[in-house]
Structures are given as C-alpha cells and as structure tokens.
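Just below is one structure, and these are the notes that go with it.
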Amino acid sequence: MSGVSGHDPAAVRPLVMGVLNVTPDSFFDGGDYFDHGAAIARGRQMIAEGADIVDIGGESTRPGAPPVAEGEELRRVIPVIEALAGDVRVSIDTTKAGVARRAVDAGAFMVNDVSSSLHDVAAETGAVFVAMHRKGTPADMQADPRYDDVVAEVTDYLAARAASAVEAGVVEVWVDPGIGFGKTGRHNLQLLARLGDVVALGYPVLVGTSRKSFLGRIVAGTLDSEGPPAPVEQRYEGSLASATVAMVNGAAAVRVHDVAATVQAATLVGSMRSAVPA
Ligand code: HH2
C-alpha cells in the first residue's frame, strides 16, 4: 500500500514523526516552542535530524489540559505549518474541523485526530487521516480506565473508525492505539506487546509512547501503584526502547520528541527487515 503519504510497508525503514507542540502547556515540550520563531527553528532541526513527518499541534491533550479556542489554535499553528510544509510532510494534530481544514490549506498532508471524528474533513480535503483510540476525554480519561481485553477493544474500535473513514472517501487511513489515552500502564504494555493484532487490520499503524507517564512509572517502580512516575527527563531511554518495540512489532511510524535517536533506531529496524530474505 503506497498512498499519498508515500508510505510503503515493504520499504526499508519505519517513518519517524517529530512532535512539535506550539503550546504553553504540553506535558513535555510545553512552552519551548510557543513562539513561532522557536517552533519553526525546532521544525527545521527535526528535518535536519531526519524526521519524515512533523506533527504540529496547538492544543495539549494531556489529562486536565484547558480547552483552546479555535481562533487561538489557528494563530498558533498556521504560520508554523506555512513555514515548514515546503520542506517536510506536515501533519496537523487537532480535534477541530476548522483547524484541520485551514491546516490542510496551509500545506498539511495529514489530519492526526485523537478524537477520531474528523474523517469528513480528511475526505473533503484529500488528506491522510489518522484514527486514534481513546477512552473518555482529557478531563476524565485516566480515572480508572477498565477493559475486558484492551487489545481486542482497541482493535475493534480502530477497525470500525477506519471503515467509516474509507466509506466517507478518505484516500488513506492510518490507525493508532492511543498509548496513554484512557489506559493504565499495563494496558499500554499489552498494546505494545500485541501490536501485531492492530497491524493485522492492514492499515499503517502509528504509535506514540514518547515521554509518556507509564515510562516514568516503570522507572520509578510505580506501574501498579498510586505512587508518582519519574519525571519526563528520566523517560528518554524508555521512549527510545518502546518506539523500537513498536517498530519491531510492525508500526509503520512512531511519533516522538527525540527525533535523531529514533531515526537511528528506525534505520536499525529497517536494516533488520531487509536483512531477512523475503
Ligand atoms: N499523543 C499525544 C498527542 N497526539 N497523536 C497520536 N496520533 N498519537 C499519540 O499517541 C498522541 C497524539 C500526546 O503527546 P504530546 O503531543 O507530546 O503532548 P500534549 O498532548 O500535552 O501536547
């Protein structure tokens, strides 16, 4: 399958999507790139480091994040998309139809929608659509999430959302299990371990574990307790390791803050794939 994104699952290496949050409050890079100049410079640095896609967001999805008005979200992201889209494939990380539409007009090729509700906009604009699983909303999603079988539930949900998107006329659909969106640390680990079930749906799979709190829980030994996770600065190694696990288990792309190191890991995975006779 080689669609408008140019992604070919048989090609040598998984794609690396760099995270660029033009926000004051994202959980890892909040405030670092809130200024347009700083955001554009970071985007250019990610391109130099080998990012295949830069994912630009203007509203944090972290638990409890305050909502951002559409006009403000547009003000944050559109100049950055316009500056970078000529040099790299840009995706827009939004749940608002108006923002998605304007972002595609400004040069974005992909709508990355954590609410899985914007397939009509993707169909209308010809953009690639990422359908992500989440349980609940940012306000309540981490309040005791429960599943009978998290992998089966997430896989069934993604199959249904992807089918609706195809039916709506989306040219290319990707799916994402939504690590950390209404899931405990154990749920996230089950999804990584059994990612093959999601890959078997036949759509390119995107996975985002970068700097997320379950990695801090593993470092702190609090995976199954109420104790605090280790801070984001101590989640680099787990981010790289979990992105590598996702790629080995069939992810077509990983969404990361640490682009240079992940590109090296993706190259290793790609080299490993091509070393095995077909
Ligand atoms: N995770 C975040 C945001 N968008 N999109 C996809 N497809 N998959 C993800 O796992 C995902 C996502 C959360 O990370 P981040 O953007 O770094 O933080 P914040 O939401 O606080 O801006």
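Laboratory data are not the source of any read-out in this text; all were calculated from the coordinates shown. Predicted model, so just to flag it, every value in this text is computed and none were measured. Here the Cβ positions follow ideal geometry from the backbone for every residue, glycine too, while neighbour counts run over all protein chains shown.
Note on the chain: helix-only mean residue ellipticity at 222 nm, from DSSP H runs of 4+ residues weighted -39500 (n - 2.57) and normalised by residue number, equals -12500 deg cm²/dmol. Each residue, Q45 and A69, gets one label point 7 Å from its Cα in the Cβ direction; the gap between the two is 3.2 nm.
Calculated FRET efficiency, S115 to R186, Cβ-Cβ distance, R0 = 22 Å: about 0.35 to the nearest 0.05. Along the stretch 230-240 the Karplus relation, 6.51 cos²θ - 1.76 cosθ + 1.60 evaluated at θ = phi - 60°, assigns HN-Hα couplings of 5, x, 3, 5, 9, 10, 5, 4, x, 5, 5 Hz to successive residues, with x for each Gly and Pro. If R0 is taken as 25 Å, the Cβ-Cβ distance between V166 and A193 corresponds to a FRET efficiency of 0.35.
Each peptide in 60-73, 87-100 was scored by the mean count of other Cβ atoms within 10 Å over its residues; highest first, the order is 87-100, 60-73. With a cut-off of 15 Å on the backbone N, the residues of the stretch 14-29 near the modelled label site 7 Å out from M272 along Cα-Cβ are 14-15. Which FRET efficiency value, to the nearest 0.05, do you get for V219 and A38 by plugging their Cβ-Cβ distance into 1/(1 + (r/R0)^6) with R0 = 35 Å? With a Förster radius of 35 Å, E is 0.75. Taking the Cα centre of the chain as origin and assigning +1 to Lys and Arg Cβ atoms and -1 to Asp and Glu Cβ atoms, the resulting dipole is close to 420 debye.
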